[in-house]
Amino acid sequence: MAHSNISIFVTHVGCPHRCAFCDQRKITGTTDLPRGEDVKRICAEQLGMIKDPAETEIAFFGGSFTAIGRSYMTELLEAASQFVGEGKFRGIRLSTRPDCIDREVLSVLKSYGVSAVELGAQSLDDEVLNANERGHTAQDITDAAELIKEYGFELGLQLMVGLYKSSRRTELENLEKVLAAKPDTVRIYPVVVLGGTKLAELYESGEYRLMPMDEVMDICALMLERFEQAGIKVLKCGLHASEFVERDMVAGYYHPAFRELCEGLIYRRAFEREIKKAGIEKGSAEFMVPSRCLSKALGQKKSNVLFFRQRGITLRITASDELEDRYRVVKITDVGR
Ligand code: SF4
């Protein structure tokens, strides 16, 4: 199902402190806090403009929604709930911290028609959580995830790849732990170090050394592939393109087409496996892919074609409107050594 949001930012509201990597003002480019009247105005405007409101949710992002002062929280929910239902939007989506979830607040969210709760998990490793000043444990994440599912909400988990004190091993363990938690959706954010954050200080002092971009891309591609195989929808892979992020980042893994790069890598790996299976070292390999995946299979700027050419393999890709599988091997030909 297509998925879109009307994003309303409650920048840092409810956050008990500032996590080491976070500056929502720079990520969202927003500082003003909406009132209920603003929510109504935005929803009314969008309802008139959006083609398929039944596929769209009103989303409160950028803060710790369930820790917002109760009267402000219900003011926002009350306003949004008037735009949910028959002929209107599909539901209300929000993001919050794992340690700000309990039965009482989930009951309140239910009563206003909230459909999805996303947890900023970031990592499921206690050392990484602690080093990045999250202020909660991995157990808080799994407990909150269970409770959210028990109350019948769609569960989303947000992960940050490459944080301070994280390694390939921790990220791969995070992947398995998220799969075990069985969320409905995930967002994969490779770290972007924003100026003025604690993480930027650690980076500038040399204490925080980032993994190479290739490594992080490889991990994110693996996550993307495994989550999709498990039927978990990946809503984001890479921070959304924003002039603020490009202006304010001091280091990290930002690329406006990050997901495309990961998808190209997934295809490259699959083609490599098939070529290896065929046991050839030099020759040509032809694959068919669904038309919508042609550019992913070729890789950005045909990087997959180049990758195999440098290894003595001519990669040919044809597109089909009928193919439902990810790809099909057409012919792999050995031209000898
Ligand atoms: S990561 Fe989440 S909890 Fe931490 S400061 Fe940012 S919005 Fe608040």
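Here are some notes:
- Only strands (runs of 3 or more DSSP E) whose full extent lies in region 215-301 are considered here, and the ones with at least 1 residues that are under 15 Å from the mean Cα position of the chain (by Cα) are 233-237.
- Tally of residues being within 13 Å of the ligand (Cβ to nearest atom) and not charged (D, E, K, R) across region 119-136: 9
- Taken over region 320-337, the criterion of being touching a Cys at 6+ places or on another chain (Cβ under 8 Å) and either part of a strand (DSSP E or B) or not assigned by TED's automatic domain parsing to the domain that holds E274 (or both) is satisfied by no residue.
- If you go through region 69-94 and pick out every residue that is buried (at least 23 other Cβ atoms within 10 Å of the Cβ) and within 22 Å of D52 (Cβ to Cβ), you end up with 5.
- Residue check for E78: modelled with pLDDT under 95 and more than 14 Å from the ligand (Cβ to nearest atom): no
- Any hit, region 148-162, residues being among the aromatic types (F, W, Y), in contact with a strand residue (DSSP E or B) (Cβ under 6 Å, 6 or more places away or on another chain) and farther than 22 Å from C22 by Cβ: yes
- Restricting attention to region 24-55, the residues that are under 24 Å from T185 (Cβ atoms) and either assigned to a loop (DSSP other than H, G, I, E, B) or away from the ligand (no atom under 14 Å from the Cβ) (or both) add up to 14.
- Residues satisfying the stated conditions in region 146-157, i.e. surrounded by 19 or more Cβ atoms within 10 Å (Cβ to Cβ) and either within 16 Å of the ligand (Cβ to nearest atom) or assigned to a strand (DSSP E or B) (or both): L155, G156, L157
The values are calculated or read from the model by the stated rules, or taken from the named source; none is laboratory data. Remember, predicted model here, so these are calculated numbers, not experimental data. Every residue, glycine among them, receives a Cβ derived from its backbone with ideal geometry; neighbour counts consider all protein chains shown.
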